[in-house]
Amino acid sequence: MFKAFRYKDNPDNHIHLTTNVYGYFFMKKIKQIIAVLLVLLQCFFFVLPVSAEEKEKTEVKESSLYSRACALTDGESGRLLYGKKEDVPMANASTTKILTCILAMENCQMDEVVTAGREAAAQPKVHLGMRDGQQFYLKDLLYGLMLESYNDCAYVIAEHVSGSVEKFAEAMNEKAKELGCTDTHFVTPNGLDKEDGGGEHHTTAYDLCRIMSYCAWNSPASEQFLALTQTRSYSFASLDGTSYAVSNKNAFLDMMSSVITGKTGYTAKAGYCYVAAVEEGGRRYAVALLACGWPNHKTYRWSDAKTLFGYGLEHYHLYQGSDKIFTVDPLEIAGGYQEGTLEEWGNKAKLPLYVETDKKQLTFLKADWDEAEVRKEFTKIPQLPIKKGKELGKISYCVGNEELYSFKICAAEDIRKWDFATFLTAVLKEFLL
């Protein structure tokens, strides 16, 4: 293109040439500047964190949910990703049975023989219809418990594990507290409505997610729990030869490919309830739905589960926390020593620290609008002497103001306090030896 404006023979063309050449390069420069500005604008819009308005657009609308209370949580960290009255205590029907199942798996062998008593045999429908004195293998009763949600199976399992339903309820509540549940009180192993001195049988949607996450991923029996609850049908016989066949009532297993377990529930008080877990590409989600419709609206729970899981899968990705959280710089301590040498006198002792954890890496679910950070906090200046292993503070991973993981910061060595006798000994060692 430059050749088209090249100066030839006529000197008068010089002005025309200069004007056109300058104009050409000027227009080219303008185009380059505009292109750069367009790139910068694109970067600006894509790099900026999601605004509050944009985040609000991605939120699940309560009007699109049928359940009166629900929760969607990160199955790894336990963080609440979405909640609607997630901390309100409510009846939860047969979703209770996931805890009954996991306690039996953790405390018994599957080939143990279980004998039905009168109270177990008298449990209302839905039931297996066992008779007083009839015997079964524990494994078979667990299939009846989780696939068909049989109330008599729950009752006889509880009696077998703890000796009585009352003692088993105590074990259930103790386990719930251990898992971080904040407002759960179980009275029955099958979820039927009942009240005792501690109140009515209830939990919250958030607590139910905590229990589900434990059953699916964190229990020593999780693998066994998943295999059992994924079974579509199962046949067995009691020890007297009576045959039984059960089929899985968790229809959601065949509605989403990433669903790995779940449990339905219904009583006239609780309404339709559901708890489930999803795993996809390393991401783990738990969902709990309480009071999600009454007859004839059994399908509402599938609709709500799809909505919540869909929201989680679309907006939350797997985030790998920095390994730096497990490394802490030494802490300088005035007036202390490690070896008691004169060189240490007058200098602050450097106390090596370690983070107390059995985790090798930290992962959790994070949305584009979330901000993750590591926070380090020390207690007030520790008093000398300091013993190896003493807790001196904590380090935590937070998203926003929510603490997801927290670990103790501890002393890796002893730090002693200088006194006159130690100082004198150090002086003598320095000058005599």
Just how much of residue 156 is accessible, in Å², when a 1.4 Å probe is used and the result is rounded to the nearest 10? 0 Å²
Please give the contour-minus-distance gain from residue 279 to residue 428: 0.36 nm per residue of separation, less the Cα-Cα distance, rounded to one decimal in nm. 46.9 nm
Any chance you could look up the accessible area of residue 326 with a 1.4 Å probe, heavy atoms only, rounded to 10 Å²? 50 Å²
Spacing of the two label points (7 Å from each Cα toward its C-beta) at residue 167 and residue 374, in nm: 4.8 nm
Around residue 73 (Cβ within 11 Å, Cβ-to-Cβ, excluding residue 73; K/R +1, D/E -1) the net charge comes to -1
Please give the solvent-accessible surface of residue 319 in Å², to the nearest 10, using a probe radius of 1.4 Å with every protein chain present. 70 Å²
Sorted by accessible area with a 1.4 angstrom probe, largest first, how do 166, 200 fall? 166, 200
Looks like segment 159-247, by Cα gyration tensor root eigenvalues a ≥ b ≥ c and the a/c under 1.5 rounded cutoff (else prolate when a/b is bigger than b/c, oblate otherwise), is oblate
Compactness check, segment 366-433: C-alpha Rg relative to the 2.2 N^0.38 Å globular estimate gives 1.84
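Could you work out how much longer the chain between residue 107 and residue 341 gets when fully extended? Use 0.36 nm per residue separation minus the Cα distance between them, nm to one decimal.
78.7 nm
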Compute the normalised compactness of segment 257-381: alpha-carbon radius of gyration over 2.2 N^0.38 Å, N being the residue count. 1.82
Could you give P(r) for segment 106-259, binned at 10 Å from zero, as whole percent values over all Cα-Cα pairs? 10, 38, 38, 13, 0
Leaving ligands, DNA and RNA out of it, rank 378, 225 by accessible area with a 1.4 Å probe, largest first. 378, 225
Given the pairs 324/359; 360/408; 97/177; 85/125; 324/394; 359/394, which span a C-alpha to C-alpha distance of over 21 angstrom in this model? 85/125
Whenever you get a sec, line up 217, 345 from highest to lowest accessible area (probe 1.4 Å, protein heavy atoms). 345, 217
Relative contact order of segment 274-408 (C-alpha contacts under 8 Å, at least 6 apart) in percent is 19 percent
For a distance above 13 Å, tell me the whole-number percent of Cα pairs in segment 333-396 that qualify. 75 percent
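The values are calculated or read from the model by the stated rules, or taken from the named source; none is laboratory data. Since the model is a prediction, treat every value here as computed from it, not as a measurement. As a convention, Cβ positions derive from the backbone with ideal geometry for all residues, glycine included, and neighbour counts pool all protein chains shown. In case anyone asks, the SASA skips ligands and DNA or RNA and just uses the protein heavy atoms, side chains included. Shrake-Rupley method; radii C 1.70, N 1.55, O 1.52, S 1.80 Å.
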